Amino acid sequence: MDLIEPSIHELADLYRRKAVSPVEVIQAYLDRIESLDPRINAYITVDAAGAMEQARAAEKRIAAGEGGPLTGVPLAVKDVLCTKGLATTCASNILKNFVPPYDAFIIARLREAGAVILGKTNMDEFAMGSSCEHSAYGPTRNPWNTDLIPGGSSGGSAAATAARLCAGALGTDTGGSIRQPAGHCGVVGLKPTYGRVSRYGLVAFASSLDQAGPITRNVRDAALLMNVIAGHDPADSTSAPEPVPDYTAVLDRDLRGLRVGLPAEYFAQGLDPEVEGAVRAAVDVLIRLGAEPVDVSLPHTEYGVAAYYIVAPAEASSNLARYDGVKYGMRLEGDRDLMDMYLETRSAGFGPEVIRRIMIGTYVLSAGYYDAYYRKATQVRGLIRQDFETAFERCDVLACPVSPIPPFKIGEMTDDPLAMYLTDVYTLCINMAGIPGLSVPCGRTASGLPIGLQLLGGMFQEARLLQTAHQYEQASEISFGREVPSL
């Protein structure tokens, strides 16, 4: 048996039957990472010794009959989530030596469940990017074509999952950073409702937008991860005290009577014909399964990019002010005054994209510009939220593309930030509204690249999205989650 082949729920069954052992599986993944990751660059840190120690502990739990669905399962974690004793760099020089003294809430949940953390995955620095090129550790490459980007900012987590360098991973999503790389890498990615998953221990980019979630090979695996990481956390004031359902319980329910909304603004000019064709074909599958199509409108979508790139940089400017060379992280020494130390440390520690967003954010929050920019952007955010609320009065889920274009060549857009920002046009409004969104593979381009279907739901409707995606996945002939890239 090829030990990297079973998915998370398949591994759980194999462990339960004592067909394989966690130690064997973890060693197989570590060997594959050592062999293939130099080509992909999905990992910043691989914790081989720690992973084997966790595997041995998992083996004992299983032998004692105490194992759960994630016990002994090899997972990767985006390097923006704090891991006790294991470096958390945010792909930035300014945190290259930072080792947290505590685990993020969801990391602690995974450890309690017996999951094995293989290491920390590459990303756009401080999660600011859509291509996983803005990293102090170099770009991550798409496993289906290593000349192309994997999407960002959770590109390392998506690429590692697709390339079988882990069985699943955690990512974070501020404007599409789980869904977009999942779509580009042919895996499943879920951004939960804001507040559904604790942000305690998640290094902040934009605090009102950030949300962590799973990236997996299939929908059932995503549901299993959600069962563990979702839930209220008193340490996070934005964490919602909502009961957590068993997300796997609804997966096999049929879709008869489900109302699927098709937002006109998400099938507009600029959408690649191959992407549109794959998404519309996926909607046809949902209709054959019993869903009812409904045409809807989200009229304020056209203002989403402009509003997002005011709100998110403003929050980033505030959050990243703490990295000043005084408290923790990088500090440039020398005979200078305090202001020089600030300027030189931050200039050397942050990359160009992070600096660009800090400057934008500082500008829109400055005296004389706050009302003209930030206040108006927050008002537009309210209108975007109302658009979704109105749409969900007429439908149960929305179906649309994840990205307007397939993955592009590394370096193709790095000199054109606006073009890069526009690739998030179908994902960032979801963060502005706080609703959940899911990406599931729905097709491939003529050159064999993955295309993602995005499903959107009302607040705390993750179970419905997972059910819809699972039913589509079972009926679809798209097999990215079962295929292994030729590396």
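The values are calculated or read from the model by the stated rules, or taken from the named source; none is laboratory data. The structure displayed is predicted, hence computed values, not measured ones. Note: ideal-geometry Cβ built from the backbone for every residue, glycine included; neighbour counts use all protein chains shown.
So, ALA278, is that one in contact with a strand residue (DSSP E or B) (Cβ under 7 Å, 6 or more places away or on another chain) and assigned to a helix (DSSP H, G or I) or not? Spelling it out, ALA278 is indeed in contact with a strand residue (DSSP E or B) (Cβ under 7 Å, 6 or more places away or on another chain) and assigned to a helix (DSSP H, G or I).
Considering only residues in segment 323-350 that are assigned to a loop (DSSP other than H, G, I, E, B) and among the aliphatic types (A, V, I, L, M), the one that is surrounded by the fewest Cβ atoms within 10 Å (Cβ to Cβ) turns out to be VAL326.
Being farther than 23 Å from GLU483 by Cα and of a type in the set (A, V, I, L, M), is that true of even one residue in segment 160-175? No, the conditions are met nowhere in segment 160-175.
Confirm whether GLY195 is assigned to a loop (DSSP other than H, G, I, E, B) and either in contact with a helix residue (DSSP H, G or I) (Cβ under 6 Å, 6 or more places away or on another chain) or surrounded by fewer than 24 Cβ atoms within 10 Å (Cβ to Cβ) (or both). Here the answer is yes, as GLY195 does meet what is asked.
Of the set (1) surrounded by fewer than 24 Cβ atoms within 10 Å (Cβ to Cβ); (2) touching a residue at least 24 places away in the same chain (Cβ under 8 Å); (3) of a type in the set (A, V, I, L, M, F, W, C); (4) assigned to a loop (DSSP other than H, G, I, E, B), all apply to ALA268 but (2). Taking the numbered list (1) assigned to a helix (DSSP H, G or I); (2) out of contact with any Lys or Arg (no Cβ under 9 Å at 6 or more places or on another chain); (3) touching a residue at least 12 places away in the same chain (Cβ under 8 Å); (4) aliphatic (A, V, I, L, M) in turn, ALA49 passes all entries but (3). Only residues that are assigned to a strand (DSSP E or B) and either crowded, with 17+ Cβ neighbours inside 10 Å or touching an Asp or Glu at 6+ places or on another chain (Cβ under 6 Å) (or both) were counted across segment 295-309, and they come to 1. Out of ASP124, ASP173, which single residue is under 11 Å from the mean Cα position of the chain (by Cα), assigned by TED's automatic domain parsing to the domain that holds LEU75 and modelled with pLDDT of 95 or more? ASP173 is the lone residue from the list that is under 11 Å from the mean Cα position of the chain (by Cα), assigned by TED's automatic domain parsing to the domain that holds LEU75 and modelled with pLDDT of 95 or more. Looking at ALA446, is it in a strand (DSSP E or B), on the phi < 0 side of the Ramachandran plot, touching a residue at least 12 places away in the same chain (Cβ under 8 Å) and aliphatic (A, V, I, L, M)? Answer is no for this residue. Look at segment 21-45 and say how many of its residues are within 23 Å of VAL228 (Cα to Cα) and among the β-branched types (Val, Ile, Thr). Selection size over segment 21-45: 3. One residue stands out among those in segment 401-424 that are hydrophobic (A, V, I, L, M, F, W, C) and surrounded by fewer than 24 Cβ atoms within 10 Å (Cβ to Cβ): the one that is modelled with the lowest pLDDT, which is LEU418. When we screen LEU224, LEU298 for residues that are among the aliphatic types (A, V, I, L, M) and under 18 Å from the mean Cα position of the chain (by Cα), the only hit is LEU224. Being touching a Ser or Thr at 6+ places or on another chain (Cβ under 9 Å) and either in contact (Cβ under 8 Å) with a residue 12 or more places away in the chain or assigned by TED's automatic domain parsing to the domain that holds GLY361 (or both) is a property that PRO313 has. If we scan segment 122-144, do we find a residue that is farther than 19 Å from LEU75 by Cα, touching a strand residue (DSSP E or B) at 6+ places or on another chain (Cβ under 9 Å) and among the acidic types (Asp, Glu)? So far as segment 122-144 goes, no, none of its residues is farther than 19 Å from LEU75 by Cα, touching a strand residue (DSSP E or B) at 6+ places or on another chain (Cβ under 9 Å) and among the acidic types (Asp, Glu).
For every residue, the table says whether it meets (1) out of contact with any helix residue (DSSP H, G or I) (no Cβ under 6 Å at 6 or more places or on another chain); (2) closer than 30 Å to ARG17 by Cα; (3) without any contact (Cβ under 8 Å) to a residue 60 or more places away in the chain.
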{"residue": "ALA63", "(1), (2), (3)": "yes, yes, yes"}
{"residue": "LEU75", "(1), (2), (3)": "yes, yes, no"}
{"residue": "CYS82", "(1), (2), (3)": "yes, no, no"}
{"residue": "ALA91", "(1), (2), (3)": "no, no, yes"}
{"residue": "LEU95", "(1), (2), (3)": "yes, no, no"}
{"residue": "ILE106", "(1), (2), (3)": "no, yes, no"}
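Do any helices (runs of 4 or more DSSP H) lying entirely in segment 352-441 carry at least 3 residues that are β-branched (Val, Ile, Thr), more than 28 Å from VAL283 (Cβ to Cβ) and out of contact with any strand residue (DSSP E or B) (no Cβ under 7 Å at 6 or more places or on another chain), and which ones are they? Filter on segment 352-441 gives 352-365.
Of all the listed residues (ASP13, ASP31), the sole one being closer than 17 Å to ALA160 by Cβ and of a type outside the set (Lys, Arg) is ASP31.
Restricting segment 450-487 to residues that are in a helix (DSSP H, G or I) and small (Gly, Ala, Ser), the residue that is nearest to TYR266 (Cα to Cα) is ALA469. Filter segment 351-382 down to the residues that are among the aliphatic types (A, V, I, L, M) and loosely packed, with under 14 Cβ neighbours inside 10 Å, then identify the one that is farthest from the chain's Cα centre (by Cα). By that ranking, first place goes to ALA367.
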